[in-house]
1. Consider Glu468 carefully, then state whether it is within 11 Å of the ligand (Cβ to nearest atom) and surrounded by 24 or more Cβ atoms within 10 Å (Cβ to Cβ).
2. Quick check, is Ile473 within 15 Å of the ligand (Cβ to nearest atom) and touching a Ser or Thr at 6+ places or on another chain (Cβ under 7 Å)?
3. Going through Leu398, Leu416, Leu392 one at a time, which residue ends up being open to solvent by 30 Å² or more (accessible area, probe 1.4 Å) and more than 12 Å from the ligand (Cβ to nearest atom)?
4. In the range 436-455, how many are more than 13 Å from the ligand (Cβ to nearest atom) and either assigned to a helix (DSSP H, G or I) or touching a Phe, Trp or Tyr at 6+ places or on another chain (Cβ under 7 Å) (or both)?
5. Between a first residue in the range 245-263 that is outside the structural domain of Asn432 (by TED's automatic domain parsing) and open to solvent by 40 Å² or more (accessible area, probe 1.4 Å) and a second residue that is within 12 Å of the ligand (Cβ to nearest atom) and modelled with pLDDT of 80 or more, which pairs have beta carbons less than 6 Å apart while being 6 or more apart in sequence or on different chains?
6. What strands (runs of 3 or more DSSP E) completely inside the range 272-354 contain at least 2 residues that are loosely packed, with under 12 Cβ neighbours inside 10 Å?
7. Using beta carbons and a limit of 8 Å, which pairs, at least six apart or on different chains, have the first residue in the range 643-655 and acidic (Asp, Glu) and the second one surrounded by fewer than 16 Cβ atoms within 10 Å (Cβ to Cβ)?
8. Report, ordered by the first and then the second residue, all pairs with beta carbons closer than 6 Å, sequence separation of six or more or different chains, a first member in the range 531-557 that is at positive phi and touching a residue at least 12 places away in the same chain (Cβ under 8 Å), and a second member that is within 14 Å of the ligand (Cβ to nearest atom) and open to solvent by 30 Å² or more (accessible area, probe 1.4 Å).
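The values are calculated or read from the model by the stated rules, or taken from the named source; none is laboratory data. What you see is a predicted model; the values in this text were computed from it and never measured. Note that each Cβ is placed from the backbone with ideal geometry, even for glycine, and that neighbours are counted across all protein chains shown. Keep in mind that these areas ignore ligands, DNA and RNA; they rest on the heavy atoms of the full protein, side chains included. Shrake-Rupley method; radii C 1.70, N 1.55, O 1.52, S 1.80 Å.
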Amino acid sequence: MNKKIVCIAGVVLVIFSNLFGCVSQTRINENYESYDDSSTVANSEEESVTDATGETKDTQLVLNNKNADTEAISKIYDELRRINGDSLVTVTDDYGYITFLKGTVSEKKFERMSDYENALEFLKPALTASSDIELVFTTALLDDYNYQYAIFTEKLEGDTVTSNVVKFILKDGYMLGLTSSLVPYYAPKGNVIDDTVAIEIVRDYLDENEADKEYFLAPETEKTFKYQTDPITLQEYCTKVFVVISNNPESNKDGVEAPFLEHYVSLNGEYLGKAPSYVKRGQDDERDYSIFNKWFKRSITHSYQTSYEDANGKVEEVVVPVTEDEGKYYLEDSKRRILCADYYEFAYNKRIQILSSKTNDDWDLDTIIAYHNYIVSYDFYAELGRYGPDGLRAPILLLMDYQKENHEPIDNLCYLGCMENVHIFTATTRANNYNRALDVVGHEYTHAVTTTAIENVIYKNEQGVINEAISDIMGECIEIMHYEKEGIDVNPDTVFAMGQSTGNVIRDLIYPELHGQPRYAGGKYYVPTASVPSVNNDLGGVHINSSLVSEMLPMMYFTSGLSLNDIRRIWETVICILVPRSDFSDLCEIVLMACEMSGLEEATETIQKSIKMTRIDAKEPFEYLSENESQISLLLPPWIDWNRSRLEVRNESGKVSVCWPQRKSNKIVITVEPDKYKIRLLQFDQNGDCNAHWQYGENGWEMNGEDNEYYRDIPIGERISLPAIEYINK
Ligand SMILES: [Zn+2]
């Protein structure tokens, strides 16, 4: 080994020991599908890093996920085809297991539990690699149109593995199809730590790695099953973990919605990582919720009426229910079970203080508007037969004036989660006025609906995109239907813009590119599935790519001839069919099936057109390049962490586009408008801080150099491959 390499190796080692702890570089990039192994410098460097790192801790899990047994499966398919003929539709995952099935396993009616058990037994080899998996009946749902959804969940050593589910869809007892979300279960070895130790582990980890951020940990933890991804093989698995909830220090940032983070600690005491979340607790030891039982029984009800003008000059009349008790008025809706309370009291004084007035004429206008918008959202779903977010009339708590303990307002109105079966939202803040945007409020309300309907929502990559898009779709439906009902004229060109009634549009379902969202997969602004979803890649593009799905709404509205009432029914059915791991391929079939189930087959043509237009079913999205766009691509060498890197291109007017490697790949492709671009590659550490960057200049790549003014010309219709980043830069 020559001196130059040893010298550079020192620099790189620092980066790598920060990144991966004891895990060596060679193991990290193992199992990737498309690594281009052309650099010999890279290989010699790889060895030196491995040697110098010394002890290599093997953290790769022994997972039993393997490809489906083709022989066993072909028999199942033969039988399915015999029963269903050409109408059979299946979608499978990377391993060949069925995640969506349209069709039945039996011509007979399902009448007994044994009918389901037999169906599962027959399908098992086509659903999972775990031949000894025990799936037990957990819930049944009957919608207003007589469709039944029977949910079976994995049972393991007396526990319910809530993340592993199979959902049967039936009509009058006849099976129409199923959705499945099964990943292998992994049990860590070693002694099980106790709750307090789990919290200590999270605290120590954050103190050591993220001391610059302000974290508050919940005093209690719970053990539950969660999806995890093996950091080395990127295989998905589920395991029982301690979940420690903290605040989300990034929740004030643009595009960050979830108010909390879940930190995962393995049963044997290893910090596994964190994910944004809503809180979900059966028990809140800090607050007294008995107040709900008392207040929803008050029979003296009044109303409060007011009106206001929105940012576009549209006048909105608002009427909200108010209750009275001993001469005092309260913002409470006994029928819908909605309470308005003060955020500060709830969060910092642990009290549920209902907003009250002595006169019923001095309410805060924004509080009333928020309250009203939640009532409209509630009614929208109630008309579909879903009373409250869970469909079981769970109480709703609206917390007003979202703020930090030092009274600084928090710029994020969101669904906080569910505690003691109460669904909680932050409904107003002094930092923004999205409480006035019915579509934004409807978006948040829909998060509560989907979080309840789909146990263990995976809020990242395609699953997160679908979750966000459904919130946008239903949010817009809620707003436009409200305008239609009130006889308010809508401008079809602007009404699909999220937040347009406040004058501050966040996203636009008709013109996604105006807000940096793609029109089709592989096109401008499109981002691929991320290996390690994080704040630095919008959790795999959950807010960026949501346009790929939400574009279906304006298409359905303008071209299918359906009413909004029909459209919302289709999407409510989609929510009922989805399971946690349903991805784009599943969704395409689920939406089509939902049209049929809603008796609205006329919409299928629009859906098919929309799928074609948005290309969400494309396996290789970047293969297609439209004639007025261009592509820039770069192959990452092994000493850069593919999972935590991001390419940024900036044109001369300062507009930035970002991209990262497709999951399990070292290739970054970004589709752009032809223009001149300044190009940068960033690498982040595990905590999301940038620890290295490379700037593209006249003489190629420069590592950690000064910002240069070099703009690379990207001509129209061309695919430009950037030269490899050479190992020795200086
Ligand atoms: Zn959202």
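1. yes
2. yes
3. Of Leu398, Leu416, Leu392, the one residue that is open to solvent by 30 Å² or more (accessible area, probe 1.4 Å) and more than 12 Å from the ligand (Cβ to nearest atom) is Leu392.
4. Of the residues in the range 436-455, 4 are more than 13 Å from the ligand (Cβ to nearest atom) and either assigned to a helix (DSSP H, G or I) or touching a Phe, Trp or Tyr at 6+ places or on another chain (Cβ under 7 Å) (or both).
5. Here the result reads Gly255/His543, each pair linking the range 245-263 to a residue that is within 12 Å of the ligand (Cβ to nearest atom) and modelled with pLDDT of 80 or more.
6. Strands (runs of 3 or more DSSP E) meeting the threshold: 301-309, 315-325.
7. Once the first residue is acidic (Asp, Glu) and sits in the range 643-655, its partners that are surrounded by fewer than 16 Cβ atoms within 10 Å (Cβ to Cβ) give Glu648/Val656; Glu652/Lys676.
8. Correct list of pairs: Asp538/Ile544; Leu539/Lys460; Gly540/Lys460.
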